[in-house]
Amino acid sequence: MRTITWLILVLAIAAAIYWFGFYEPQSVSTEVVSDVMVSAPAPAALGQVDDARVTGAAADDGNWLTHGRTFDEQRFSPLTQINRETISGLGLAWFRDMGTNRTQEATPIVVDGVMFFSSSWSRVYAMSADNGEMIWSFDPKVAGEWGRRTCCDVVNRGVAVYQGKVYVGALDGRLIALDANSGEQLWTVDTIIDRSRDYSVTGAPRVANGKVFIGNGGAEYGVRGYVSAYDADSGELLWRFFTVPGDPSQPFEHPEMELAAKTWSGSQWWEFGGGGTVWNSIVYDPEFDQVYLGTGNGSPWSREIRSPGGGDNLFLASIVAVDASSGRMNWYYQEVPGENWDYTATQDMALADMDVDGVMRKVLLQAPKNGFFYVLDRADGTLLRAHPFATVNWASHVDLQTGRPVLNPELDYLEKARWVLPGPLGAHNWQAMSVDVEAGLVYLPTQDIPFLYTMPQDWQKTGLYQRRKGQWNLGVELQRVAARIVENFDSAPASRGYLKAFDPLSGEARWTVELPHYWNGGVLASRGGLVFQGDAQGYLSAYDKDTGEVLWQFNTYTSILAAPVTYSVNGVQYLAILTGTGGGDLFGPGGIDAGETLASGKYGNFGRMLVFKLGGTEQLPPPALRDRSIPEQLLTAVADEDLASGERLYFGHCAVCHGFAVRAAGAGLPDLRQMSPGTHETFAAIVLGGTRKSGGMDSFADVLTAEQAEQIHNYIKARAFEDREQLLGNKETGRLTWQQD
């Protein structure tokens, strides 16, 4: 009895530490007790995928062999057992709690009845795809402080499986090869070229023709983008393609960098980093033996800062076709010359054969952040179409002759703040689209999310910009847009989310479904006549792919960003999806209306794998409502200038994880407005002393003084007070005045 009492006490203490902490502990579950945990005997010869098998994957309908199912990455399934007529019988077959309340974004790979996927902190799992029995799991043991060095949570978008190996890019920049049968590490390589910069890896590697291709992230922190190709068997580096030039006083790494350097100006772009990171989309084309790289935004965002005097700044916001064997460029197309808005071209690309103006073309399809849907001839990069698929005001159209967007001069934010659509979350982000070639449609998660672009205050005052190590270096003022939205929450430009059936050749939407929130999940379409998508309200829905009519819904109680996949085992079709939200949404579930539109704001962020089949009868445990109340704040008299300083420091160091205006960015990241008295008392020890470093909350003593930490603390308490008053209906009580306009 005494033992049980002590056990309950220990568990209660552990729960309290977790609940009131700044970050979740890194341990996923009691099952993972070492780097590799083997739960069940593995079937012989797992993960037997090769190029021939993936090339023929269109006919291999029971498996999901690569990130986009096949090399063309259309994410369209030929399975028909789950269809319009049978969808009413779809039920939960099994689920597994992944032991995380952080964002889950991975696409599972399913090979011969075994599912391989990753979760937060780059952990990898192999399970029986029909019943969820764990075969093995692998923890790369990413150090907790890497939570501070990543843009958008400790996410991982998936693994690659090839010739009996499973490959994962770890958050800290390692590329790791695992034995598909046992989960044991076979080799690891460091993909990062400069450890003094905050690089990270969140994207899924691609494998083809004996090579593993991997990019990186970190443009917001000031890094230089590149993609590396490694030998799939040994891990030997075969080639590396840089996406932006480095220091021009040094030799160019390859001829393309000499070409690119001519499009940059000024004297500091290489000190800022330049950006152009390939953090998501890499697609292999076996017909041309080339790899398409979707490159990212500039670093900083503002071209006037990183490249004063102008220039197209190659190869930012571009699609670059690289010879897969040599690593040399075949062609490029730049979607946004002189990129100025965080308009990445890192969103999913798909390959298809389509009749364009009476001619069969091998095309590449992409819906990037900037709001135009591009159709390119992938043989040479010729632009064929560029229709808007969402609300766009930064450009009137794309000139098909020059391939360049025609900018709207009225929205230049160099001299005056401007509301621009799309904003940095994009008209479409990394959440997957699905291509139905037979119907000539793309099923596309879209969003209208405006952003107030304005130059940073220090640049406005002095014309100079100082890179800040360990912080976001955007070259725009986050603080001011947040202040405007908080002050005018009811009148700020509305943000909306949609699911669209879009014709990329005509530019018309066959149908559109408006969703309650803008930040929703990826899409899967099937020959069964269905389109599946998870959304912010926590519903996994099946739509009629011809009309957009909702035919089926399942309440997961958790907001969803990942895309579903479908596969079959022993003649039974399954549908699988990971739940959990967060990512790049800096407003997240901590907003005033979070409990109305976000399931994770209402119930919490439950990281689960959910798998469905016809006749499934499993039930999820009903969750309790999340306590969203904000405690009464013990405010002290603080000068307005100190609160303004705390606000600037918060946006420089804290907003990336804890959200604009202290409204929690990710449901798994604590809402600092709800800090307990004990956390308030130990605030300095956490922020400066690193007492919760192992869980992801690294020490900031290298960039903050004790006085500055206290200023941040006072700003957090003041913001909590203001939002508490709003929630209580006292909108004018204690109105804060320090925000700088």
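Count Lys and Arg as plus one, Asp and Glu as minus one, and take only other residues whose Cβ is under 15 Å from that of residue 512; the net charge is then -4. Spatial offset of the stretch 35-99 relative to the stretch 325-379 amounts to 27 Å, using the alpha carbon center of each. With pairing defined as another cysteine C-beta under 4.7 Å, the cysteines of the chain that fail it are 654, 657.
Here 67, 713, 653 are placed in order of increasing Cβ neighbour count within 10 Å, fewest first, which gives 713, 653, 67. Per-peptide packing, taken as the mean over residues of other Cβ atoms within 10 Å, places 629-641, 305-317 in the sequence 305-317, 629-641 from highest down.
Three semi-axes describe the equivalent ellipsoid of the stretch 94-158; taken as square roots of 5 times the Cα gyration tensor eigenvalues and ordered largest first, they are 24, 11, 10 Å. For the peptides 281-289, 604-612, 698-706, the ranking by packing is 604-612, 281-289, 698-706, with the highest mean count of neighbouring Cβ atoms within 10 Å listed first. Protection proxy ranking, highest mean first, for peptides 89-98, 136-145: 136-145, 89-98, where packing is the per-residue count of other beta-carbon atoms within 10 Å, averaged. Computed from the C-beta positions of residue 86 and residue 506, the FRET efficiency with R₀ = 30 Å rounds to 0.40.
Database remark: amide H of residue 563 closer than 5 angstrom to the amide H of 432, 522 (H placed geometrically; neighbours at sequence offset of 5 or more, or on other chains; Pro and chain starts carry no H). Only helices enter this figure: runs of n ≥ 4 DSSP H residues, each worth -39500 (n - 2.57), summed and divided by the residues of the chain, yield -4000 deg cm²/dmol at 222 nm to the nearest 500.
One quarter of the surface of the convex hull around the alpha-carbon atoms of the stretch 91-234 equals 8.9 nm², the direction-averaged projected area.
Classified by the C-alpha gyration tensor, the stretch 56-98 has an oblate form. Its axis ratio a/c, with a ≥ b ≥ c, is 1.5 or above, and a/b does not exceed b/c. In whole Å, what is the distance between the alpha-carbon centres of the stretch 411-464 and the stretch 506-520? Answer, in whole Å: 17.
Checking the Cα-Cα distances for 262/500; 416/469; 262/369; 461/602 against a 31 Å cut-off, the pairs over it are 262/500; 461/602. Computed from the alpha carbon positions, the gyration tensor of the stretch 641-692 leads to an equivalent ellipsoid with semi-axes of 17, 15, 11 Å, biggest first.
Bear in mind these aren't lab numbers, they're just calculated from the coordinates by the rules spelled out. As the structure is a computational prediction, the values presented were derived from the model and not from experiment. Please note: Cβ atoms are built from the backbone with ideal geometry, for glycine as well, and neighbour counts cover all protein chains shown.
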